[in-house]
1. Being at pLDDT 85 or above and in a helix (DSSP H, G or I) narrows it down to one of 55, 41, so name that one.
2. Looking at this structure, is residue 147 surrounded by 14 or more Cβ atoms within 10 Å (Cβ to Cβ) and modelled with pLDDT under 90?
3. List, please: which pairs have Cβ atoms under 9 Å, are six or more places apart or on different chains, and start with a residue in the stretch 54-82 that is farther than 30 Å from residue 34 by Cα and end with one that is modelled with pLDDT under 90 and basic (Lys, Arg)?
4. For the stretch 80-97, check the following and say yes or no: at least one residue is in contact with a helix residue (DSSP H, G or I) (Cβ under 6 Å, 6 or more places away or on another chain) and at pLDDT below 95.
5. Give the residue, chosen from 153, 179, that is assigned by TED's automatic domain parsing to the domain that holds residue 66, at pLDDT below 90 and not β-branched (Val, Ile, Thr).
Amino acid sequence: MRGTGAPQQLSKKRIVLMGVALFLAATFGAPAIGRLLFAPWSIGLGGRETLTGPWAGSLKTPNGAEFGLLLNLEYKERTGRGVGGSNNLQGRAVLCTPGGERYEYDISGKADPLGGIEDLWLESGDPRLSGLGMKLTGAWRGGALDLTTINNPFLDSRLLAARTAGRDDPVDPDDYFAPATLTERDRAAFEATCRWIRA
């Protein structure tokens, strides 16, 4: 007959986890527990890699143009209700072009607990350049950040002109950024990419 036996005992692992959770709640409050549960990618305990910080690499188009990209991602405490909540990523980005131009962006976005990037918006603070914004999705896997563009920033003529600077091929409004993997973790790598694509 069920329910008449002795109460179940908690395993040592559960007791330790509950103790850690209670310690964090008492010391840091609910936001620390929420961050640990819903954004563990933002906590670099013991030298562990994180999604936050600088990411550098290049974005390429099927027509052969290459652009340098630097993302500097930061954790943002969620302000919405529930697990889906609001954005939990913020930061700054810079895109350099083959023509030597640079476009700066504000970043906002949302990552799931495993580092899957559901939305990553790169928006220009300059209203005249608002058409150069990009929406990305992707995933963080330890030492690599895989990204795919959702919209086509080449529909803005300024980026089209930058793409074709010094090239003989015609302007292609259907051009887009192919999926990319960013692996470098510093601004120096970004600057090297920008110099290389201008050569």
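The values are calculated or read from the model by the stated rules, or taken from the named source; none is laboratory data. Computed from a predicted model, the values in this text were never measured in an experiment. Ideal geometry is used to build each Cβ from the backbone, glycine not excepted, and the neighbour counts take in all protein chains shown.
1. 41
2. Details: surrounded by 14 or more Cβ atoms within 10 Å (Cβ to Cβ): yes; modelled with pLDDT under 90: no.
Judged against the criteria, residue 147 is not a match.
3. As it stands, the answer is 61/163; 63/163; 63/167; 64/167; 65/163; 65/167; 67/163, since those pairs meet every condition given.
4. Yes, there is a match, as at least one residue in the stretch 80-97 is in contact with a helix residue (DSSP H, G or I) (Cβ under 6 Å, 6 or more places away or on another chain) and at pLDDT below 95.
5. 153
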